[in-house]
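To start, the structure under review is shown below, and the notes come after it.
The values are calculated or read from the model by the stated rules, or taken from the named source; none is laboratory data. Because the structure is predicted, anything quoted here is derived from the model rather than measured. FYI the Cβ positions are ideal-geometry reconstructions off the backbone, even for glycines, and counts take in every protein chain you see.
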Amino acid sequence: MALEQTGVPGVGWNDGGAAQYDVAIVEPDSRARLRLGATLSTAAQFDTLEALSQSLRPGRGVVVVFGPGLASPYGFEQVHRLISVRPELGAIFAVGSEVTTPMLHAALRAGARDTVAVTDPAALADAVSRVGALLGGGVSRAPVPTEHRAAPGRLIVVFSAKGGVGKSTVAINVAVAMAHRSEERVALVDADLHFGDVAVLLGIPPQQTVLDAVGAAQYGDHDLVRSMLVTHRPSGLLVLPAPTEPTLDSLVDPADIVSVCQTLQQTCAHVIADLPPQIDDVTVALIEAADVVLLIGGMDIPSVKNLKIGMQALDLHAIAGPKLRLVLNRANTQVKLDVREVESVLGLRAEFPIPSDISVPIAVNAGVPVVEYAPDAPASRAFDRIARSMLGGDAVVGKGRRRARRAAVRA
């Protein structure tokens, strides 16, 4: 039963106050529960998950701190089941005096947004504040696609061996342009677990991220994976953001990232993955699983050199071969380096040149894809050409509908 359902000032557990989320503690042991309550003095307290469930209001965001009494295989499984049917919950595990790697793994698989030591009150209060801010972000949750495609959708990965060449800008603008042009579902996955910025560039506050999806995939809960997508309203693009903080490589199995993408391919015609700008196991696994690999290069010697080294290190011609498509950013920049020289060094034709365009940084700073901010700009037309090539026969949306969508963005 509920032991204490104290109204949370400024949060409104019972009164529907102005704040957008509630706070609760669930812990079977009374002493441990009181200890957590001393840190979160206004939180509602419960001794069981059932008691919490009975007090939840549909659609109301709740930050739930699960105490050390639930940090067990059985407890993790029960919490995962609850979160699966209550996506409005933001789970935090407050575990023993130290957060071990196995404990962190288990909490992530259960769907936790954060894991802290119960002996660190400041970290717990900070975690509640951060998770609450995410719950209150007002992001539009995509309806869960339930119908499966007759054949899996295509996986398109965007990769560069060097940062700063516009890789994420290419991924975002191509994905948005594809979503505008296609009647089918298009999804964008930010697979840069360290410094992914897809959500920032699209102006989407991340609620649930790739890490949450990995946890759901490990439990085989594919509907929950799909429910974690958020909708970029102007285009209809479905987005799975990167973690909000850099993630240790040891916490994520590359096969799990591939599994998340494959789950989305069951209901989306096209899944675009923005890869990290370095060679790691996640990069290799996604490139091997991809149908198309968009390689992003720039018109400078360091960019070309790093991309060449990356291709050799990954042996891309062996594992990707005909899947490779070269996108040359700022291709018209006059820097005493010819496009044909770049093609010769990389052994690839620059199939998709993107011109240097002042509209791109302006759109980035405005938090709007340039294909929507300035649809007639030279760079926008180049991104649209890539999108039409990726869609092939799926590119069925006429210009009138695209203009209407873009007009809505400007309004």
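Per-residue answers, yes or no, for (1) part of a helix (DSSP H, G or I); (2) within 21 Å of the chain's Cα centre (by Cα); (3) closer than 30 Å to Leu240 by Cβ:
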{"position": "Ile25", "(1), (2), (3)": "no, no, yes"}
{"position": "Pro28", "(1), (2), (3)": "no, no, no"}
{"position": "Ala32", "(1), (2), (3)": "yes, no, no"}
{"position": "Val63", "(1), (2), (3)": "no, yes, yes"}
{"position": "Gln78", "(1), (2), (3)": "yes, no, yes"}
{"position": "Ser97", "(1), (2), (3)": "no, no, no"}
{"position": "Pro102", "(1), (2), (3)": "yes, no, yes"}
{"position": "Ala106", "(1), (2), (3)": "yes, yes, yes"}
{"position": "Ala112", "(1), (2), (3)": "no, yes, yes"}
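The set of residues from region 349-379 being crowded, with 23+ Cβ neighbours inside 10 Å and without any contact (Cβ under 8 Å) to a residue 24 or more places away in the chain comprises just one member, Ala363. Within region 364-385, does at least one residue satisfy the condition of being modelled with pLDDT of 85 or more, over 16 Å from Pro234 (Cβ atoms) and touching a Lys or Arg at 6+ places or on another chain (Cβ under 7 Å)? No, there is no match, as no residue in region 364-385 is modelled with pLDDT of 85 or more, over 16 Å from Pro234 (Cβ atoms) and touching a Lys or Arg at 6+ places or on another chain (Cβ under 7 Å).
Taking the criterion of being charged (D, E, K, R) and at pLDDT 95 or above, the only residue of region 257-281 that qualifies is Asp274.
Is there a residue in region 286-297 that is closer than 19 Å to Ala242 by Cα and out of contact with any helix residue (DSSP H, G or I) (no Cβ under 8 Å at 6 or more places or on another chain)? The answer is no, given that none of the residues of region 286-297 is closer than 19 Å to Ala242 by Cα and out of contact with any helix residue (DSSP H, G or I) (no Cβ under 8 Å at 6 or more places or on another chain). Evaluation of Gly37 against the conditions (1) crowded, with 17+ Cβ neighbours inside 10 Å; (2) more than 13 Å from Gly111 (Cβ to Cβ); (3) in contact with a helix residue (DSSP H, G or I) (Cβ under 8 Å, 6 or more places away or on another chain) shows that the sole unmet condition is (3). Of everything in region 321-348 that's of a type in the set (D, E, K, R) and at positive phi, which residue is surrounded by the fewest Cβ atoms within 10 Å (Cβ to Cβ)? My answer is Lys336. Within region 286-330, restricting attention to residues that are of a type outside the set (A, V, I, L, M, F, W, C) and either outside the structural domain of Ala191 (by TED's automatic domain parsing) or touching a Ser or Thr at 6+ places or on another chain (Cβ under 6 Å) (or both), the residue that is farthest from Leu193 (Cα to Cα) is Arg330. For the subset of region 91-117 comprising residues that are in contact with a Pro (Cβ under 8 Å, 6 or more places away or on another chain) and at pLDDT 90 or above, which member is surrounded by the fewest Cβ atoms within 10 Å (Cβ to Cβ)? Here the residue is Val95.
Looking across region 193-225, the residues that are farther than 20 Å from Gly111 by Cα, assigned to a helix (DSSP H, G or I) and over 9 Å from the mean Cα position of the chain (by Cα) come down to Val200, Leu201, Leu202.
A quick yes/no check of all residues on (1) surrounded by 14 or more Cβ atoms within 10 Å (Cβ to Cβ); (2) at pLDDT 90 or above; (3) small (Gly, Ala, Ser):
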| residue | (1), (2), (3) |
| --- | --- |
| Gly7 | yes, no, yes |
| Asp15 | no, no, no |
| Ala18 | no, no, yes |
| Tyr21 | yes, no, no |
| Glu27 | yes, yes, no |
| Asp47 | yes, yes, no |
| Leu56 | yes, no, no |
| Leu82 | yes, no, no |
| Leu89 | yes, no, no |
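The C-beta contact set for region 78-98 (first residue under 18 Å from Leu135 (Cα atoms) and assigned by TED's automatic domain parsing to the domain that holds Glu50, second residue of a type in the set (Asp, Glu) and not in a helix (DSSP H, G or I), distance under 9 angstrom, 6+ apart or interchain) comprises His80/Asp221; Ser84/Asp221; Gly90/Asp114; Ala91/Asp114; Ile92/Asp114; Phe93/Asp114.
Checking the structure you have, find out if any residue of region 59-67 is under 24 Å from Gln218 (Cβ atoms), of a type in the set (Gly, Ala, Ser), at pLDDT 90 or above and surrounded by 15 or more Cβ atoms within 10 Å (Cβ to Cβ). Scanning region 59-67, I find at least one residue that is under 24 Å from Gln218 (Cβ atoms), of a type in the set (Gly, Ala, Ser), at pLDDT 90 or above and surrounded by 15 or more Cβ atoms within 10 Å (Cβ to Cβ), so the answer is yes. Within region 286-327, the set of residues being polar (S, T, N, Q) and under 15 Å from Lys167 (Cα atoms) comprises Ser303, Asn306. Taken together, the residues in region 331-344 that are closer than 15 Å to Ile296 by Cβ and modelled with pLDDT of 80 or more amount to 2. Out of Leu134, Leu155, one residue alone is assigned to a strand (DSSP E or B) and either under 30 Å from Asn306 (Cα atoms) or at pLDDT below 80 (or both). It is Leu155.
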